[in-house]
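Taking it in order: structure first as structure tokens, then the write-up.
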Amino acid sequence: MKVIGVRFRVAGKIYFFDPLQFPIKSGDHVIVETARGVEYGTVVGGIREIKDEDINQPLKPVLRIATKEDDQKEAANRLKEKEAFQICLEKIAKHGLEMKLIEAEYTFDNNKVLFYFTADGRIDFRELVKDLASVFKTRIELRQIGVRDETKIIGGIGICGRPLCCHTHLSEFVPVSIKMAKEQNLSLNPTKISGVCGRLMCCLKHEEETYEYLNKKLPNIGDFVTTEDGLKGEVQSVNVLRQLVKVIVDVDDEKEIQEYRVDQLRFKRRHKKEKMDVNDKELKELEKLEKQEKQEGKSKLDDN
């Protein structure tokens with residue numbers, strides 16, 4: 001079946017729609033009907049064919065390619081969102097609620113205004129909703145999000161010096177675990193493997209498969225190996241990406257460290273990696289981060 005992928009926010013989840021007979025291409029703006037009402041989205045990838053079983057039926061059709069009037073209305077909505085954000089901030093202060101407002105969002109047809117916020121625990125915002133509804137004269141929805149979603153909206157620069165993955169290209173959050181950091185021989189210091197959001201860095205997942213594949217070819221530190229020139233020694237360190245191994249060998253009754261390519265060594269690799277050094281405090285912090293990852297689960301930004 002022919003479909004197009006549509007996004008409703010930067011690096012947001014991609015939803016499929018039926019392009020009908022419209023000459024739609026990547027980068028076009030389209031008007032579609034979603035669970036939230038009529039929405040304005042951006043086409044990613046152009047028209048392509050996918051299997052029927054990979055589609056959540058029924059597949060909704062594109063209503064039209066966005067016109068100049070639609071573009072102007074979308075731009076006007078973005079300006080209205082800034083005003084709505086300021087009004088909501090004032091109302092939150094008025095009601096004395098312990099919540100941090102992150103973003104205000106109008107649906108394209110102005111049928112609803114959504115306010116995203118973070119807070120410690122549950123917040124009783126019923127009176128706030130009534131107050132906002134009397135101001136905007138439309139449906140109001142307040143949605144509590146996690147710190148990862150907050151960072152996805154606001155953006156920033158990671159420790160790598162590049163814009164955050166979640167804000168630029170990562171459509172959906174993937175589960176990240178301490179095991180991934182161990183596999184990549186990274187320091188298990190929570191401050192070094194946590195992102196701007198305070199959770200384990202999403203990029204730990206990016207290279208996990210590569211490191212798993214390369215690590216399978218290497219001996220573990222402490223393993224005993226035989227070199228191609230007949231020397232026996234103990235592995236002192238490994239360079240995973242270059243596939244190089246430093247080995248402590250006996251040469252003329254003296255111990256030397258020599259470097260070999262992995263294909264120059266013979267060894268029987270232990271199945272389990274050596275446990276990395278980490279103190280109890282760091283371990284508890286890491287386990288807490290991992291638990292928070294699982295609890296937050298699915299992003300609450302996209303519900304189209």
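The values are calculated or read from the model by the stated rules, or taken from the named source; none is laboratory data. What you see is a predicted model, and the numbers here were worked out from it, not measured in a lab. Here the Cβ positions follow ideal geometry from the backbone for every residue, glycine too, while neighbour counts run over all protein chains shown. In case anyone asks, the SASA skips ligands and DNA or RNA and just uses the protein heavy atoms, side chains included. Shrake-Rupley method; radii C 1.70, N 1.55, O 1.52, S 1.80 Å.
Values for this structure:
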| quantity | calculated |
| --- | --- |
| Every residue from region 258-286 that is among the hydrophobic types (A, V, I, L, M, F, W, C), within 20 Å of PHE224 (Cβ to Cβ) and either in contact with a Ser or Thr (Cβ under 9 Å, 6 or more places away or on another chain) or modelled with pLDDT under 70 (or both) | LEU265, PHE267 |
| Selection within region 195-211 - of a type outside the set (Asp, Glu) and open to solvent by 20 Å² or more (accessible area, probe 1.4 Å) | GLY195, VAL196, CYS197, GLY198, ARG199, MET201, CYS202, CYS203, LYS205, HIS206, THR210, TYR211 |
| Qualifying position, being open to solvent by 20 Å² or more (accessible area, probe 1.4 Å), among the aromatic types (Phe, Trp, Tyr) and within 29 Å of ILE87 (Cα to Cα), among PHE108, PHE173, PHE115, PHE125 | PHE125 |
| Some residue of region 149-166 being in contact with a Phe, Trp or Tyr (Cβ under 6 Å, 6 or more places away or on another chain) and either more than 24 Å from THR118 (Cα to Cα) or surrounded by 13 or more Cβ atoms within 10 Å (Cβ to Cβ) (or both) | no |
| Close pairs (7 angstrom Cβ cut-off, 6 or more residues apart or separate chains): under 18 Å from ASN111 (Cβ atoms) in region 8-35, of a type in the set (Ser, Thr, Tyr) anywhere | ILE31/TYR40 |
| Within region 1-92, strands (runs of 3 or more DSSP E) holding 2 or more residues that are aliphatic (A, V, I, L, M) and under 30 Å from GLY156 (Cβ atoms) | 37-49 |
| Odd one out for LEU214, checked against (1) closer than 30 Å to TYR116 by Cα; (2) in a helix (DSSP H, G or I); (3) open to solvent by less than 30 Å² (accessible area, probe 1.4 Å) | (1) |
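Rundown of residues vs (1) over 25 Å from LYS205 (Cα atoms); (2) in contact with a strand residue (DSSP E or B) (Cβ under 9 Å, 6 or more places away or on another chain); (3) assigned to a strand (DSSP E or B); (4) not hydroxyl-bearing (Ser, Thr, Tyr), yes/no style:
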position: VAL113; (1), (2), (3), (4): yes, yes, yes, yes
position: LEU132; (1), (2), (3), (4): yes, yes, no, yes
position: GLU141; (1), (2), (3), (4): yes, yes, yes, yes
position: ARG148; (1), (2), (3), (4): no, no, no, yes
position: THR151; (1), (2), (3), (4): no, no, no, no
position: GLY161; (1), (2), (3), (4): no, no, no, yes
